[in-house]
Amino acid sequence: VVRVRAFLTDSPGFVDVVRKLLIQAGAGKGKGVAISASGSFPSLILASILAVESLAAEPYLISSIGSSTWGANRPDWTWLDMERVLYEAGIISTRSSLAGLGGPGDQGPKLFESGIDLALEVAQRNGVPILRSQDLDRAIKRRMSLFLAHKPVVLINIGGSHPAMGGCP
């Protein structure tokens, strides 16, 4: 937490980039901002949350628990764990509303059953409900419905999750 505070004070770089892009897109006080985030990019998620909060916009965040070979890929230290610690320390006031398992279709299909069980434990220990759909088409429609219900002026997509980008390689 101390390192995060020092980083944000000394070199806010990407927070400023996201903030400027949000302003250009019409985000501001009370405006909805949808964030679809892969656990592979915790620093980009944090920068995006801070940029949205700095504008007093209204973030709605859906994260994936899964992560590829970089990012928050330890079962004991996922993005949801980092998010909770940052929230409890008062650095951010936004938490994920829902979390998917990640991977193709956001169902964690490349995970062993034990990996899915670990992901479900991550969500439970962090108090974040799981967003599950039966297939990619339903996952896309469900996310679109959830995001649109918050009337966002912009969508920030972090990573290449299938529900955000579709199934095309």
Next on the checklist: If a residue must be open to solvent by 100 Å² or more (accessible area, probe 1.4 Å) and modelled with pLDDT of 80 or more, how many such residues does the stretch 138-169 contain?
Outcome noted: 6
Checklist outcome for this item: All conditions in (1) in contact with a Leu (Cβ under 9 Å, 6 or more places away or on another chain); (2) surrounded by fewer than 24 Cβ atoms within 10 Å (Cβ to Cβ) are true of Arg74 except (1)
Checklist outcome for this item: Considering the stretch 22-56, residues that are open to solvent by 40 Å² or more (accessible area, probe 1.4 Å) and among the hydrophobic types (A, V, I, L, M, F, W, C), and then whichever is modelled with the lowest pLDDT, we arrive at Phe41
Checklist entry - What number of residues in the stretch 57-82 are acidic (Asp, Glu) and at pLDDT 95 or above? => result 1
Checklist entry - For the stretch 30-67, what are the residues that are part of a loop (DSSP other than H, G, I, E, B), within 14 Å of Asn157 (Cβ to Cβ) and over 9 Å from the mean Cα position of the chain (by Cα)? => result Ser40
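The values are calculated or read from the model by the stated rules, or taken from the named source; none is laboratory data. Since this is a predicted model, take the numbers as computed values, not measurements. Methodologically, a virtual Cβ is constructed for each residue, glycine included, from the backbone with ideal geometry; neighbour enumeration extends over all protein chains shown. Quick note on the areas: whole protein, heavy atoms, side chains included, nothing else; ligands and nucleic acids left out. Shrake-Rupley method; radii C 1.70, N 1.55, O 1.52, S 1.80 Å.
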